[in-house]
1. Scan the stretch 388-416 residue by residue and report those that are touching a residue at least 24 places away in the same chain (Cβ under 8 Å) and in a loop (DSSP other than H, G, I, E, B).
2. Take the conditions part of a loop (DSSP other than H, G, I, E, B), modelled with pLDDT of 95 or more and touching a Lys or Arg at 6+ places or on another chain (Cβ under 7 Å) and apply them to residue 385. Does it pass?
3. For the list (1) in contact with a Lys or Arg (Cβ under 8 Å, 6 or more places away or on another chain); (2) closer than 20 Å to residue 384 by Cβ, I need the number of the one condition that residue 200 fails.
4. In this structure, does residue 317 turn out to be among the polar types (S, T, N, Q) and within 19 Å of residue 259 (Cβ to Cβ)?
5. Could you look through the stretch 123-138, keep only residues that are modelled with pLDDT of 95 or more and out of contact with any His (no Cβ under 7 Å at 6 or more places or on another chain), and pick out the one that is surrounded by the fewest Cβ atoms within 10 Å (Cβ to Cβ)?
6. Check whether at least one residue in the stretch 235-246 is within 22 Å of the chain's Cα centre (by Cα) and crowded, with 17+ Cβ neighbours inside 10 Å, and report yes or no.
7. All but one of (1) in contact (Cβ under 8 Å) with a residue 60 or more places away in the chain; (2) more than 21 Å from the chain's Cα centre (by Cα); (3) under 19 Å from residue 61 (Cβ atoms) hold for residue 316; state the number of the condition that does not hold.
8. Cβ-Cβ under 6 Å, sequence separation 6+ or interchain: first residue in the stretch 33-48 and over 16 Å from residue 109 (Cα atoms) and not assigned by TED's automatic domain parsing to the domain that holds residue 263, partner charged (D, E, K, R) and modelled with pLDDT of 95 or more. Which pairs?
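The values are calculated or read from the model by the stated rules, or taken from the named source; none is laboratory data. What you see is a predicted model, and the numbers here were worked out from it, not measured in a lab. Neighbour counts run over all protein chains shown; Cβ positions are idealised from the backbone, glycine included.
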Amino acid sequence: MRFKLLSVVAGLGLALAGLQSAQAQAPAQPIKFALCYDLSKSYGFVTPQVSQAVRDYAQILNQKGGIEGHPIEILVQDHGNEPQRGIECYEKMKREGAIAFDFLSTPVSRAVLPRAMADGNVMMQSFVGRGDAVDGDVFKWIFPIGPTYWGQMANNIQYLKTKSGGNLKGVKIAFIYPDYPFGQEPIGVLKTLAAKEGFELQLVPNPMPGNDQAAAWTQIRRFNPDWVLSWNLANMHVVASREMKRNGIPMDKYISVNWLNEVDLANIGLENAKGLKRGTNVVGGQSHPLMQQIIKDLYEKGKGSGDRKHLSDIYYNTGLAIYASVFEGARLAIKQNGWPITPDKMKRGLESLKNFDAEDLIAPVTVTAKDHGGGGKTRIDMWDGAKWVPQTDWFSAYNDVVQEIVKKESGEFAKSKP
């Protein structure tokens, strides 16, 4: 009997040893990230560069062993900027095991958000979507890391206040925007700050797709503003530049949302764009160490994920910036709480980001369970005819005002939940 027992134990030992050996030799399970993007309609001016950057970044990390030994898998699908297709993409990627979801569209993000919240899934919302989602107490699974449109607009107003000697009373500010959710997003902040600071505000909605802005700029000319804040996108900037010239409005009065890139500048004309300003979220150019590594290890070896010309586009850098935070959040999740990674662990990983700036690619962000935005800093850059010149350091302004609006809006969202 003793001999039999020892034989059984020995057999079990060999079986366990074999199982452990097989497990050790098996490839590590991947970490999947879902990019449900508009690749075919309204956001085709930015999504190819962003998704290319994310895939390149994943390649670089995978060459180094992935994230804590686990390879990165990027899942990409088109939603055409249609909320229902965005929901369908979310459901599909959920079945495929994605640990985080990204939609890069304000209307689609707004549509999917309630499902992600109900499911307890991490949804990234950097540089798009509803501004009150920074409230981690209410939007526990939503991460708009970086400046929201609300924060960016508040920072723009602070810049104009500084340019006006610290007093905006009587200053005339026009706001031109595409008349749909993205363009409408910062209006509440603008109205609040107009009442607080005493500047005269004119709202100038422009019907999509924004190719005919003649009436809008005639209205702006009659208003005779000191400044024009623009939430235009892509070719809308080019149309706006022509209308500004026709109406005798100097380019140096124009301050764009962050969605203005090198293609837009070329189409406006590098000299014609001189003096144009932009609220900026990320550092452009190819001097960043990660960009240099991508060029050396991927594009010089023919391994890049797309057209090399996109590496000169600030939207490529935007993709790197967004996913620097995402990948670091995943690393912290595994390092702090072990494998397997779960939505809750991913959430806690992102909430552990502290003074994270991706080696000076973005303003430092500190994300907590209460603050899913990380600080909301931007800077103002000006095109001098040949290059972008920073007009400010990274800064955030009117944090109390923005936070008050955040709490009001997030509170209303919380009340509306079933």
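1. Across the stretch 388-416, the qualifying residues are 391, 392, 394, 396, 397, 398.
2. Working: part of a loop (DSSP other than H, G, I, E, B): yes; modelled with pLDDT of 95 or more: yes; touching a Lys or Arg at 6+ places or on another chain (Cβ under 7 Å): yes.
So residue 385 passes the test.
3. Every condition holds for residue 200 apart from (2).
4. Values: among the polar types (S, T, N, Q): yes; within 19 Å of residue 259 (Cβ to Cβ): yes.
So residue 317 fits the description; yes.
5. Taking the stretch 123-138 first, the residues modelled with pLDDT of 95 or more are 123-126, 132-138.
Then keep just the ones that are out of contact with any His (no Cβ under 7 Å at 6 or more places or on another chain); that gives 123-126, 132, 135, 137-138.
Numbers: 123: 25, 124: 27, 125: 31, 126: 25, 132: 25, 135: 23, 137: 13, 138: 20.
Result: 137.
6. Here is the first cut: in the stretch 235-246, the residues within 22 Å of the chain's Cα centre (by Cα) are 235-237.
Checking which are crowded, with 17+ Cβ neighbours inside 10 Å leaves us with 236-237.
For the stretch 235-246, residues within 22 Å of the chain's Cα centre (by Cα) and crowded, with 17+ Cβ neighbours inside 10 Å: present.
7. It fails just one condition, (2).
8. Listed pairs, sorted by first residue: 40/78.
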